[in-house]
Amino acid sequence: MSAAWTPLRDELARWRDAGRVADFWWRDDDAGQPAPALARLTCLAQQAQVPLALAVIPQHAARDLVQAPGPWVSILQHGCDHRSRAAAGEKKTEFPAAEAVPDALARLALGMARIAGPHTVRALVPPWNRVSSPALLAQLAQAGYQGLSRFGPRGKALAVPGLVQVNTHVDIIDWHGTRGFVGLESALSATVAHLRARRTGEVDGSEPTGVLSHHAVHDAACWDFLERLFDVSRSDGAARWSAAGELFARAH
């Protein structure tokens, strides 16, 4: 194992010495149709015995995928069609503040109906990790959603009353550069930084450290990182990987 992994092993040891277990979770975005990369992803989850939260775009969703995604896989709703409706000059979002809330809720309901199945968790993963409409957020729990997942340390466990928020914190893709693996140093630094911030109380210590992947654009280094991360984190009992169904049921 490369010395580059030493900071993570050391941080996990600090959690263990403190009598704590560092919990993680794994979310992969932009799923829809069966593909070799998706098959490899679900196979990795099964082989590593690490729960996978698969964020599926309803408009692109294959029925077989949402009905039988694999024994270690949960299905989350990745927006409706992954199309930005932002106004000119605004950051990309499928859910802009200018959209009428009833219209957005209607789209979401149709999307959830397309991905409903025995492995579906009623949690919304907004494309680009962004919901620009506070009014829509306020209505999600009433519309039947139990969870919301974006990116970055959460400010509180409930995004709004009744809506559990569990975010991701480590994006392994270099979106602004190669669009491949972000690099071992960068990925590990983000992982250790969030774990340390949780342990020291700088951020919510009860929010699991979320690893975000995008199987469709993985290169060899992405796959290698995930495999090694699962091995290192589970090697000595200092960490556990949680399933989405468990996480989004918390605080209810």
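The values are calculated or read from the model by the stated rules, or taken from the named source; none is laboratory data. All figures in this text were calculated on a predicted structure; none of them were measured in a lab. We place every Cβ from the backbone using ideal geometry, glycine too, and count neighbours over all the protein chains shown.
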Filter result (within 14 Å of Val192 (Cβ to Cβ) and either among the β-branched types (Val, Ile, Thr) or not in a strand (DSSP E or B) (or both)) within the range 229-241:
Leu229, Val232, Ser233, Ala238
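Yes/no per residue for (1) of a type outside the set (Lys, Arg); (2) assigned to a loop (DSSP other than H, G, I, E, B); (3) closer than 17 Å to Trp241 by Cα; (4) in contact (Cβ under 8 Å) with a residue 24 or more places away in the chain:
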| position | (1), (2), (3), (4) |
| --- | --- |
| Asp23 | yes, no, yes, yes |
| Trp26 | yes, no, yes, yes |
| Gln33 | yes, yes, no, yes |
| Arg40 | no, no, no, yes |
What number goes with the only condition from (1) modelled with pLDDT under 95; (2) more than 17 Å from Ala48 (Cβ to Cβ) that Asp236 does not pass?
(2)
Filtering the range 42-66 down to residues that are in a loop (DSSP other than H, G, I, E, B) and among the β-branched types (Val, Ile, Thr), which residue is farthest from Pro118 (Cα to Cα)?
Val50
Out of Leu163, Leu195, Leu188, Leu124, which single residue is of a type outside the set (Val, Ile, Thr), crowded, with 22+ Cβ neighbours inside 10 Å and in contact with a Pro (Cβ under 7 Å, 6 or more places away or on another chain)?
Leu188
Qualifying residue in the range 207-215 (condition: at pLDDT 95 or above, assigned to a helix (DSSP H, G or I), of a type in the set (A, V, I, L, M, F, W, C) and in contact with a strand residue (DSSP E or B) (Cβ under 9 Å, 6 or more places away or on another chain))
no
Among the residues of the range 72-108, which ones are of a type in the set (Gly, Ala, Ser), touching a Phe, Trp or Tyr at 6+ places or on another chain (Cβ under 8 Å) and either within 25 Å of Gly245 (Cβ to Cβ) or not in a loop (DSSP other than H, G, I, E, B) (or both)?
Gly79, Ala104
Using the structure shown, decide if Pro69 is assigned to a loop (DSSP other than H, G, I, E, B) and either free of Cβ contacts under 8 Å to residues at least 60 places away in the same chain or among the aliphatic types (A, V, I, L, M) (or both).
yes
Residues satisfying the stated conditions in the range 139-184, i.e. outside any loop (DSSP other than H, G, I, E, B), under 15 Å from Ala55 (Cβ atoms) and of a type in the set (A, V, I, L, M, F, W, C):
Leu148, Phe151, Ile173
